[in-house]
Amino acid sequence: MKQKTAVVIGAGDRGARAYAPYALEYPHELKVVGVAEPNDERRSRFRDTYSIPSKNCFESWEDMMKSGKLADIAIVCTLDRYHFEPTVKALELGYHVLLEKPMSPDPKECIEMERVARECNRQLTICHVLRYTDFWSTIKKVISEGKIGDIVSLQLNENVEVMHMSHSFVRGNWNNKEASSPMILQKSCHDMDIISYVMGKKCERVSSYGSLMHFRKENAPDGAPQRCLDGCPAEHVCPFHAGRYYLGEGKGWAKKFTEDHSREGIIKALNETPYGKCVYQSDNNVVDHQVVNMEFEDGATATFSMCGFTREQTRIVQIMGTKGEIRGKMDENSISIYDFLTKHETVINLSIPVGGHGGGDLGIIRSFLRDLESDGEKESKSSASVSLRSHLMAFAAEESRLNKGESINLDEFYEQFC
């Protein structure tokens with residue numbers, strides 16, 4: 001395979017740690033030649049890691065785009081609300097684009113990005129990385145081979161894990177839907193997408209319920225200050241105390257909000273950043289639990305449940321067909337297939353995945369590069385045109401939740417934005 005070149009727009013957690021490292025492991029396939037990142041320390045470190053010439057290091061994507069097309073690929077990993085403009089400009093300049101999910105918090109922008117990609121004849125692949133894992137690929141293959149017959153119903157639970165919930169969606173970048181995206185879009189568009197992928201048919205209607213139930217000011221312990229390190233009386237009984245967590249078992253998470261990983265550096269960051277705030281007194285407004293009901297074109301149904309109050313971070317799935325049943329638990333990378341006729345159960349224990357998201361972070365880059373070998377003629381399995389439908393499922397679910405579970409017809413919902 002001919003080596004491809006890439007620029008990275010946004011060298012934060014996903015850009016620097018999930019996707020760009022492929023170039024270090026497989027330099028004959030991918031070379032990173034440019035970066036746009038406003039944080040000076042991140043940009044410098046990224047430049048040194050990938051030996052990028054200084055002339056190709058920019059504070060903003062706008063400055064990068066003024067230099068014209070620098071590579072074959074643009075990997076866009078800015079925050080959700082800043083995906084649209086760099087993606088459209090990159091496509092118009094002739095880049096193939098790998099875009100972090102979600103596409104955008106605005107349905108109109110999602111639709112427009114997909115249109116521009118088609119018009120420019122460029123690949124726009126969305127990072128729905130679950131499609132590229134052995135776990136979900138195996139489930140899809142079993143269904144495609146007809147081993148459980150026709151799908152009647154699917155149940156998927158997303159266990160967010162309680163400390164991940166507090167870190168990312170109460171204190172973190174995705175805690176406020178106006179600044180980022182609704183939870184069902186930001187965190188669970190993976191799940192809307194994988195349900196769509198596994199079902200392999202058109203979703204026609206959705207309804208949803210959910211709320212921010214626990215992480216609210218009225219649930220703060222008596223006497224709790226705004227910041228945990230300011231002498232909280234509940235320090236030893238609150239599981240979310242920032243000092244105890246980020247200086248203890250959560251020290252790895254601290255690397256996401258400070259470049260100084262010493263204890264002194266973490267303490268300084270806890271005194272200055274939102275990650276040191278009381279979880280009950282942050283500006284969070286995304287839900288901490290939500291359920292979604294879906295009806296598909298042949299009458300099949302699916303239910304999805306996201307909850308931030310779980311002991312582990314995983315996804316648990318049960319798929320019920322006319323000839324058999326599939327059960328799987330993603331953190332164990334194990335799948336059970338049961339045949340109604342023979343009463344035989346087949347258990348598949350997949351190998352331990354390499355890389356994040358069950359191997360999906362690595363898998364999507366590898367697949368994307370191979371798709372480009374076809375000169376853009378082969379559509380990726382998470383292309384914008386494919387992903388648009390599952391994004392609309394997430395948007396419609398949030399609309400339903402805000403309207404007390406009103407059933408939303410997806411075709412009619414889509415027409416509102418065209």
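Read-outs throughout are calculated quantities, based only on the coordinates presented, and are distinct from any laboratory measurement. Treat the numbers as computed from the prediction; the structure is a model and nothing was measured. FYI the Cβ positions are ideal-geometry reconstructions off the backbone, even for glycines, and counts take in every protein chain you see.
Structure notes:
- Our summary of shape: the Cα atoms of the range 219-276 have principal axis extents of 33, 21, 17 Å, ordered from largest down, in whole angstrom.
- Binning all Cα-Cα separations of the range 84-205 at 5 Å, short to long from zero, yields these whole-percent fractions: 2, 9, 16, 17, 18, 16, 13, 7, 2, 0.
- 11 Å beta-carbon shell around residue 353, net charge (K/R +1, D/E -1): -3
- Taking all Cα pairs closer than 8 Å and separated by 6 or more residues, the relative contact order of the range 24-77 comes to 35 percent.
- The relative contact order of the chain, computed from alpha carbon pairs under 8 Å that lie at least 6 residues apart in sequence, is 21 percent.
- The ratio of the alpha-carbon radius of gyration of the range 4-128 to the globular-protein estimate 2.2 N^0.38 Å is 0.97.
- Rg over Rh, two decimals, the range 330-418 (C-alpha only, Kirkwood Rh): 1.12
- Over the range 164-318: Rg over Rh, Cα atoms, Kirkwood Rh: 1.05
- Remark: spin-label model distance residue 176-residue 153 equals 4.1 nm, labels positioned 7 Å along the Cα→Cβ axis.
- Counted residue by residue at 0.36 nm each, then reduced by the alpha carbon distance between them, the extension gain from residue 63 to residue 45 reaches 4.6 nm.
- Across q = 0.16, 0.22 Å⁻¹, the range 262-342 modelled as identical point scatterers on its alpha-carbon atoms has Debye log10 I(q)/I(0) values of -0.86, -1.14, in the order of the q list.
- Computed from label points 7 Å out along Cα-Cβ, the spacing between residue 1 and residue 314 is 3.1 nm.
- The local environment of residue 284, defined by Cβ-Cβ distances under 10 Å, has a net charge of +2 under the rule Lys, Arg +1 and Asp, Glu -1.
- Ranked by the mean number of other Cβ atoms within 10 Å of their residues, highest first, the peptides 96-109, 123-136, 324-337 fall in the order 123-136, 96-109, 324-337.
- Pairs of C-alpha atoms in the chain farther apart than 42 Å represent 14 percent of all such pairs.
- Applying 0.36 nm per residue to the separation of residue 79 and residue 273 and subtracting their alpha-carbon distance, the gain on full extension is 68.1 nm.
- Computed from the Cβ-Cβ distance with R0 of 45 Å, the FRET efficiency linking residue 118 to residue 340 stands at 0.55.
- Ordering of 383-394, 167-178, 57-68 by burial proxy (mean other Cβ atoms within 10 Å per residue, highest first): 383-394, 167-178, 57-68
- Peptides 256-262, 301-307, ordered by how many other C-beta atoms sit within 10 Å of their residues on average, highest first, read 301-307, 256-262.
- Inter-part distance where the range 38-88 and the range 320-370 are each reduced to a Cα centre, Å: 35
- Over the range 318-364, the fraction of Cα-Cα pairs per 5 Å bin, rounded to whole percents and listed from the shortest bin up, is 5, 20, 23, 17, 15, 11, 7, 2.
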